[in-house]
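What follows draws every value from the coordinates through simple rules; no lab data is involved. Just so we're clear, the structure is a prediction, and the values are computed from it rather than from any experiment. Cβ: placed from backbone, ideal geometry, glycine included. Neighbour counts: every protein chain shown.
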Amino acid sequence: MHNPNQMANGKGTKIGVILTDPEDWTASAFLKNIEKRGANALPINLSTLSASISDSDFSIFNTDLKALELDAILVRDVGISFSLETISFKFDLLRQFENSMIVMNRPTAIQNAANKFFSFYLFKLARLSVPRTVVTSELEVAQKTIEKFGSAVIKPIFGSQGKGIIKLENSQPESELTSKLAALLKERCVLYLQEFVHSPGRDIRVFLVGEEAIGAIYRVPRSGSFVSNLSLGATPVKCELTEEMQELAISAAKAVGADFAGVDLIEGKEGLFLLEVNATPSGKGIKLACGIDVTERIVDRLFERLENKERREATK
């Protein structure tokens with residue numbers, strides 16, 4: 001067992017960083033900041049891990065058939081998979097790790113945040129302001145929803161980087177609108193329709209670590225687009241945090257159980273609305289726009305949790 005002093009300077013500590021792209025800015029920054037603390041940082045792709053179960057043993061091991069011995073895990077990216085078996089196995093591995101070490105963010109928090117429908121249910125329970133949203137597998141319900149909303153954004157329930165997001169208008173010819181909805185329903189089987197919020201042409205991402213909002217950026221879509229994801233060409237611009245932004249973002253992260261998060265907000269005519277929580281956010285945009293390295297703060301938070309765990313165990 002490490003003592004608190006060892007944990008504070010990271011000496012001898014082994015921390016796995018779950019990633020899918022070793023060249024990803026945020027993944028690389030996590031690895032570097034862990035090494036700066038004197039700890040050993042191990043990049044891990046969940047797709048390369050296997051598990052062995054018998055009457056007397058359970059182990060998770062890599063391609064060299066070596067069992068992983070870690071003190072903690074930091075999750076950058078689990079990866080998107082359209083195979084239910086693949087994504088289920090990845091999260092099952094994280095849950096098994098969580099039985100013996102700190103996993104940050106917790107797999108439950110990542111799943112809560114990634115599921116747009118369930119996260120909105122959690123936001124509703126927390127009494128947070130969200131755009132009107134309907135989820136349906138019925139074409140007629142989808143048609144009536146767009147008629148009621150006027151403009152609707154249709155998103156994948158599970159998705160990332162703004163992929164698969166489209167906007168449909170009630171002003172479109174009825175036959176054209178019906179045809180598009182029918183095609184989407186055939187492809188996705190269920191539709192997630194959200195009222196389009198008329199904003200100043202940007203959204204806001206607030207970065208949370210623990211219960212502290214450490215900075216925010218506007219994400220300004222490229223010309224001709226309404227999608228504000230940086231991966232699709234949007235520009236990050238420094239945003240001054242207001243008390244309202246901080247309170248809404250902190251409450252949203254709490255609702256899904258995230259220890260760190262990027263919380264997306266949008267300014268509507270009726271006030272500020274919550275769009276979603278990303279429990280595996282990229283830190284590149286806020287670094288470019290504000291000079292803030294959120295990955296350093298996240299690593300600090302992980303070490304704080306490790307130190308607290310060691311203190312609790314030492315007093316038992």
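Ordering L68, L31, T20 by Cα displacement along the dipole of segment 15-93 toward the positive end leaves L31 in first place; charges were set at the Cβ atoms of Lys, Arg (+1) and Asp, Glu (-1).
Between A314 and Q96, what is the FRET efficiency for a Förster distance of 30 Å, r being their Cβ-Cβ separation, to the nearest 0.05?
Details: r = 25 Å, r/R0 = 0.84.
Using R0 = 30 Å, I get an efficiency of 0.75.
GNM on the chain, alpha-carbon springs under 10 angstrom: the most fluctuating residue among L248, L193, L49 is L49.
Sorting the segments 132-138, 310-316, 52-58, 271-277 by their mean number of nearby beta carbons within 10 angstrom, highest to lowest, gives 271-277, 132-138, 310-316, 52-58. Within segment 232-265, what residues put their amide N at less than 17 Å from the label point 7 Å along the Cα-to-Cβ vector of K167? Label zone hits: 232-235, 265. Of all the options N115, N33, N62, the one that moves most in a Gaussian network model of the chain with Cα springs shorter than 10 angstrom is N62. Classified by the C-alpha gyration tensor, segment 76-174 has a prolate form. Its axis ratio a/c, with a ≥ b ≥ c, is 1.5 or above, and a/b is larger than b/c. Values (1) 0.97; (2) 1.13; (3) 1.00 are given for comparison; Rg/Rh (Cα atoms, Kirkwood Rh), derived from the coordinates here, is the one labelled (3). Of the residues G215, G257, G201, the one that moves most in a GNM of the chain with alpha-carbon contacts below 10 Å is G201. Relative to the dominant Cα principal axis of the chain, helix 25-36 is inclined by about 20°. If one takes the longest principal axis of the Cα atoms in the chain, at what angle in degrees, from 0 to 90 and to the nearest 10, does the Cα axis of helix 294-314 lie? That works out to roughly 50 degrees.
In terms of its C-alpha gyration tensor, segment 4-105 has an oblate overall shape, because the principal axis ratio a/c (a ≥ b ≥ c, square roots of the eigenvalues) is not below 1.5 and a/b does not outweigh b/c.
With a ≥ b ≥ c taken as the square roots of the eigenvalues of the C-alpha gyration tensor of segment 199-279, please select rounded if a/c is under 1.5 and otherwise prolate if a/b is larger than b/c or oblate if it is not?
prolate
Charged side chains reduced to their Cβ positions (Lys and Arg at +1, Asp and Glu at -1) give segment 94-174 a dipole of some 340 debye around its Cα centre.
Only beta bridges with both residues in the chain are counted; by DSSP, about 80 percent of them are antiparallel.
Quick one: of K36/K155; K124/K167; K32/K309; K167/K238; K90/K155; K148/K284, which pairs are farther than 32 Å apart, Cα to Cα?
Details: K36/K155 39 Å; K124/K167 24 Å; K32/K309 23 Å; K167/K238 27 Å; K90/K155 24 Å; K148/K284 38 Å.
Going by Cα-Cα distance, K36/K155; K148/K284 fall outside the 32 Å limit.
What angle, in degrees between 0 and 90 and rounded to the nearest 10, separates the Cα long axis of helix 84-98 from the longest principal axis of the Cα atoms of the chain? The helix 84-98 is inclined about 40 degrees to the chain. Approximating the spin labels as points 7 Å out from Cα along Cα→Cβ, the F158-to-D64 distance works out to 3.2 nm.
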